[in-house]
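The structure appears below as structure tokens.
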Amino acid sequence: MKYRPFRTCYQKSMCLVILLLFSFLVLQSSYAKIVFRSKRDGNIPHIYVMEDNGSNVRRITDPAFYDKHPHWFPDGKRVVFTRDLSRGDGTNFNAEFVIVDLKPHKEYHFMENHRTDRFPRISPDGKQIAFHSNRLKDWHIHVADLESGAEKAITAKHPDLGFPNYMNWSPDGKRIVYLHGEKNVGDQIWIMNADGSRPRRLSHPIAGINKVWKYLPSWSPSGQFIMYPEITLTPDFDKVGPTRLVIQNVDTRRTEVHNFPGDYAINNGCWINDRTVLLNIETGKIESETINWEIYRYDLTSRKLTNLTKHPANDKDPDWISGTLAVFPLDKLTLRWAQLRQPD
């Protein structure tokens, strides 16, 4: 099934349409560097873009669906994301991957999905997609060729390990970093070659009664560092100590640790450059109904934290692109075309 391209009907002359549309784009266009998901327009998440200072936020996906896990293509012109066709009711997750082309605005399918597919990540050359799936009745990391559609699982089940998940490519596309469950020490950070060969642990497991839980890793633009959040929990899941952001050298395995207040939680993040990152942080109590996820810019050198979103809705899954792309907001463009359809 293919999505119909984003388009509307109009009743004015083509000359008037072109003139008004051009004027609108000049006034309303802005540059997107960050893509993220949010519940700003209701109770289910949609995909948004904004500039890297948090300005000019605009929705780019259909409000009828539950969308998450957005990720830029390397060209900065397209975004891939996970869409839940069950409309996010939480009872029967039915996933598909959708690509949205921002200019012109079109959504389309590009591979046969399994209902459990999630967390798509495009390779740096734009030719492959890695994702997490239960297609084989066990959770594995899969890689598919975007042109041919051929896909395969690149991880293998190990009797002493849990499931691999939440992966990201190295900048040269030759390796993949991912979380791997380990029965005695919890999730750890692993790396492997892009074909699944030579899997090995990167992080330092800490044995003991308390468990150190690690979260989504990402690779720095230089390929030298891997970033991941971690917390320490007791067997009763009480938090011990601060939330930590770990920057680990891939070659030496040495770590640079940034401590955050105890009531902070960091779910994921991405790199802007080797000393600046985006982080997804909530600052309330987990058991509280007032928790709110925001997207922050964090300078690793000065340790300055800047809130970019400042919105009561939960903002999650940030991804940053180095290039700039002039895009127009879906909802505002629809409104402008509606004005053109006024009867004579």
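Per residue, what volume in Å³ does the Cα convex hull of segment 56-197 take up?
Roughly 137 Å³ of hull volume per residue.
With each pseudo-label sitting 7 Å past Cα toward Cβ, what's the residue 75-residue 305 distance in nm, one decimal?
3.8 nm
Can you give me the P(r) profile for segment 155-212? Cα pairs, bins 10 angstrom wide beginning at 0, each as a whole percent.
24, 53, 20, 4
Evaluate E = 1/(1 + (r/R0)^6) for residue 255 and residue 213, where r is the Cβ-Cβ distance and R0 equals 25 Å; express this FRET efficiency to the nearest 0.05.
Rounded to the nearest 0.05, the efficiency is 0.95.
Extension gain residue 39-residue 240, at 0.36 nm per residue separation less the Cα-Cα distance, in nm?
The residue 39-residue 240 span can extend by a further 69.3 nm.
Would you kindly derive the ³J(HN,Hα) couplings of segment 218-233 from the backbone phi angles with the Karplus curve 6.51 cos²θ - 1.76 cosθ + 1.60 (θ = phi - 60°), listing them in order in whole Hz, with x for Gly and Pro?
Listing the rounded values in order: 8, 9, 5, x, 7, x, 8, 10, 10, 10, 7, x, 8, 9, 10, 10 Hz.
Take the residue pairs 103/174; 33/68; 214/304 and return only those whose Cα atoms are more than 25 Å apart.
Check vs 25 Å cut-off fails for 103/174.
Using a Förster radius of 35 Å, what is the FRET efficiency between residue 291 and residue 201 based on their Cβ-Cβ separation? Nearest 0.05, please.
Taking R0 as 35 Å, the efficiency between residue 291 and residue 201 is 0.65.
Based on other C-beta atoms within 10 Å, arrange 118, 198, 58 from fewest to most.
198, 58, 118
Please arrange 67, 236 by how many other C-beta atoms lie within 10 Å of their C-beta, fewest to most.
Arranged by neighbour count, lowest to highest, 67, 236 become 236, 67.
For segment 31-129, would you read off the P(r) tail past 17 Å as a percentage of all alpha carbon pairs?
For segment 31-129, the fraction of Cα-Cα distances above 17 Å is 49 percent.
So if each residue of separation counts as 0.36 nm, and I subtract the Cα-Cα distance between residue 276 and residue 160, what length gain in nm does that give?
Stretched fully, the residue 276-residue 160 segment lengthens by 38.1 nm.
Could you please rank 311, 140, placing first whichever residue has the fewest other Cβ atoms within 10 Å of its Cβ?
The fewest-first ordering by Cβ neighbours comes to 311, 140.
Values quoted throughout were computed directly from the atomic coordinates according to the rules given, and no laboratory measurement underlies them. Here the structure is a predicted model, which is why all the values come from computation and not from measurement. Cβ coordinates were reconstructed from backbone atoms using ideal geometry, including for glycine residues, and neighbour counts include every protein chain displayed.
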